[in-house]
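Bear in mind these aren't lab numbers, they're just calculated from the coordinates by the rules spelled out. Note that the structure is predicted; figures quoted are calculated from it, not measured. All Cβ positions, even for glycine, are placed from backbone atoms using ideal geometry, and neighbour counts span all protein chains on display.
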Amino acid sequence: MDLIVEHAEVWAATIEDKPGGLAGVLTVLNQAGADLQSVISRRAPDQPGKAVVFVTPLQSDSEIAAAAQVGFNVTQTLHSLRVIGLNRLGIVAELTQKLADAGINLRGFSASVLGTQFIAYAAVDSLQDAKKAAAILGQA
């Protein structure tokens, strides 16, 4: 199968868990010209009143400066891959099984379908695991 497999630098910030908390930081990024491909946000169970947001990509100096102003930092411990390909029944199960068979533990995983394409983000524990996963999925 033909897949596009690439490293995805993920940025994270802690935000207020209140109406407009997420909208506020995303508006700042938008005003700086960020064309985000993925946004994931959730409450931080260990920090009442707080949430965490993950975004990718941030590319230009102005995007990165704006992100820093609202508390984003590139994650140093979250090694992620973006995987894009034609959707078909069972594709995500197949890809995650290939990683499991190679002994790669997933720290996080998300996938969505739009039309005939799927896009998935796989987060692993180390740069070595990310390189190994990219090689495996690149051959899938």
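Observations
- Each listed q (0.11, 0.18 Å⁻¹) maps to a log10 I(q)/I(0) for the chain from the Debye sum over equal C-alpha point scatterers, namely -0.45, -1.05.
- Spin-label model, Leu86 to Asp46: label points 7 Å out along the Cα-to-beta-carbon direction sit 4.4 nm apart.
- Relative contact order for segment 1-110: 38 percent, from Cα pairs under 8 Å spaced at least 6 residues apart, divided by residue count.
- Per-residue ellipticity at 222 nm computed for the chain from its helices equals -9000 deg cm²/dmol, with DSSP H segments shorter than 4 residues left out and the rest contributing -39,500 (n - 2.57).
- The stretch between Ile136 and Val74 holds 19.8 nm of extra length on full extension. This uses 0.36 nm per residue minus the Cα-Cα distance.
- For Ala102 and Glu9, the difference between the fully extended length at 0.36 nm per residue and the C-alpha to C-alpha distance is 31.2 nm.
- Per-pair calculated FRET efficiency, R0 = 30 Å: Lys18 and Ser62 via Cβ, rounded to 0.05: 0.65
- By the rule of a C-alpha distance below 23 Å, with chain neighbours fewer than 8 residues away ignored, the lysines paired with Lys98 are Lys131, Lys132.
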